[in-house]
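Below is one structure, written out as structure tokens; the observations come after it.
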Amino acid sequence: MVVTRTRLGFGLLVAVVLSCEDPLCACSDPLPPVAAVELSADSLFFSKVGASQTISVTARDSTGSALPYAAEWTPSDTTIAFSFTTDGQTATVVSVRPGVTALMAHVGTATGSAIVVVDTLP
């Protein structure tokens, strides 16, 4: 920790500079960019309207290591299925009506997707 005091006019300016090696500093190395987004399933199948399933996301860097990023979840057609998340890592997908749509998980500029099928025919 470096403490610097400088007299400016009538006041005293005190600056404290912390280095990342300082235990008082909460600095950390920045996370690497996301190279890929993996979903826990390639597809979700629903046999009735109003049913729900969960799906999770893992963001990976260029070496394949998992990164602790949250995703923004978006279905391509919310009249077939919609999703919501409370933590960004897992989405709950709810079927709305029969049809096929895609569910995308966006992390930075990378995107992963799964097909969502709602088929209520016997």
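The number of residues in segment 48-69 that are loosely packed, with under 13 Cβ neighbours inside 10 Å and in contact with a strand residue (DSSP E or B) (Cβ under 9 Å, 6 or more places away or on another chain) comes to 6. I'm trying to understand the selection: among the residues of segment 70-103, which are more than 17 Å from F46 (Cα to Cα), surrounded by fewer than 18 Cβ atoms within 10 Å (Cβ to Cβ) and not small (G, A, S)? Result: E72, T74, T86, D87, Q89, T90.
Among the strands (runs of 3 or more DSSP E) confined to segment 23-122, the ones with at least 2 residues that are aliphatic (A, V, I, L, M) and modelled with pLDDT of 95 or more are located at 36-39, 52-60, 90-95, 99-107, 110-118. In segment 110-122, the condition of being over 14 Å from F46 (Cβ atoms), out of contact with any helix residue (DSSP H, G or I) (no Cβ under 6 Å at 6 or more places or on another chain) and of a type in the set (S, T, Y) is met by at least one residue.
The values are calculated or read from the model by the stated rules, or taken from the named source; none is laboratory data. Just so it is clear, the structure is predicted and the values come from calculations on it, not from any experiment. Reconstructed Cβ throughout: ideal geometry from the backbone, glycine too, with neighbour counts over all protein chains shown.
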